[in-house]
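Worksheet: the structure to be examined is printed underneath.
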Amino acid sequence: MRTLGVGILTMDLEKIAIPWSGKSSDPAILKHFSGYIVLQVQSRGEAWYINPNDGFRYYLPNNEEGLNILRSLGVGASNNELRMIAMNATQLYATFTFTAYAHVKLDAGKFSQAYYADNILPLASLTKLMTALVILDTKPDWEKKIILTQEDIQYPKIYVDPDDVTSEVDFQEGDAITYQDLWNALLASSSNQAAGILAKNSGFTYKEFIKKMNDKAKSMGLKKTRFTDPSGLDTLNVGTAKEMAIIARAAFNVSKIKTTTIKSFIIRALRPDDTTRTIAVINRNQSILKFGPDAAKSGFLYEAQRNVAYQEGSAVVVILHARTLTEKNTLIKKLLK
């Protein structure tokens, strides 16, 4: 509101009536400010909305009440109508009305075949590549065993409905899993639970870990990328195809990330009764693996659709918001041709 609002003097603001006052507004002042959020520059920048439909001003407190006033006075717009209005480039929020796909190729430090490559979109599980880079920075003890809690198992439910299925492996409360095996689950099977557990046991608080992800993005020169959770389940994890290609290139240059993304594993969990059970960590990117990538990471959310970061030789390609599996695979072939 401060960025987009228009300043108004108190003497002018008082010429615009408030509802139910029995007064009318000054026509000239009303015409000048109608439809705007105005900021009372002589009174701590307090915000008012000048409603063009009734000619009154409405105070907007900086809380839920202010938002509710905007909701009650706002005009409804369909997704199709919103698509006809460009998204601003100053906020790090995804364009949820985006209906196309975005892609880019990065090879020898140069971008090519860019298509909507600067659009801000949800990253989904491509987020885990940055999670992996930050984990490596912590120099973890790979043999350290972590005992999983019910909170760890329920972690994805923070972001999805209880009945929704997310990408997981068969972890159970009480399992003792090595940091290495959680790493394998993170990158091979794209386990959201593993992402949360690794971040929680990184030696930093959850909030500090997310800050490290964002600090690393800034150190790479990325300006349109933001992380809010380590799994990618939160739709507020956003970036562009170009900036995701920079992250993917950095990640795939690390052999411990690169080789793990194209494998499947059998890992072992030690139970509280000292028995051991095996857990399959299956790489679900079977259609992509048929292409023979050197590294690959995919992601899916309803809001993000199908995302992939793929490396073959020196070339890294990133596709965001492919609408079908066939479209995603066809675009990979096109970009690598």
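Bear in mind that the values in this text are calculations on the coordinates, not laboratory data. A quick note: this is a predicted structure, and the numbers were derived from the prediction, not measured. A quick note on method: Cβ atoms are made from the backbone with ideal geometry, for glycine too, and the neighbour counts reach across all protein chains shown.
Against the chain, whose longest principal axis comes from its Cα atoms, helix 179-188 is set at around 70 degrees. The alpha carbon centroids of segment 16-58 and segment 243-292 are separated by 58 Å. Restricting the calculation to Cα atoms, the chain shows an Rg/Rh of 1.09 when the hydrodynamic-style radius is the Kirkwood one. Working from Cα pairs under 8 Å separated by at least six residues, relative contact order for the chain is 17 percent. Based on DSSP H segments of at least four residues, each scored -39500 (n - 2.57), the chain has a per-residue ellipticity at 222 nm of -8500 deg cm²/dmol. Close amide H contacts of S167 (hydrogens built in the peptide plane, cut-off under 5 Å, sequence separation of 5 or more or a different chain): N192. Among the aspartates and glutamates, select those whose C-alpha is under 14 Å from the C-alpha of K223, and discard any that sit fewer than 8 residues away in the same chain. Straight-distance partners of K223: D118, D215, E243.
In a simple Cβ point-charge model (Lys, Arg +1; Asp, Glu -1; nothing else charged), the chain has a dipole of about 1340 debye relative to its Cα centre. Largest mean-square fluctuation among S219, S231, S167, in a Gaussian network model of the chain whose springs join Cα atoms under 10 Å apart, belongs to S219. Legend: residue pairs K157/K334; K157/K207; K110/K157; K145/K224, Cα-Cα distance threshold 28 Å; pairs beyond threshold, K157/K334; K110/K157; K145/K224.
Seen against the Cα atoms of the chain and their longest principal axis, helix 241-252 is set at about 30 degrees.
Return the single residue from K297, K31, K157 with maximal mean-square fluctuation; model: Gaussian network over the chain, springs between Cα atoms under 10 Å. Fluctuation is largest for K31.
Cut-off 10 angstrom, C-alpha nodes, Gaussian network model of the chain. Which of E327, E243, E81 fluctuates the most? Of E327, E243, E81, the most mobile in the Gaussian network model is E81.
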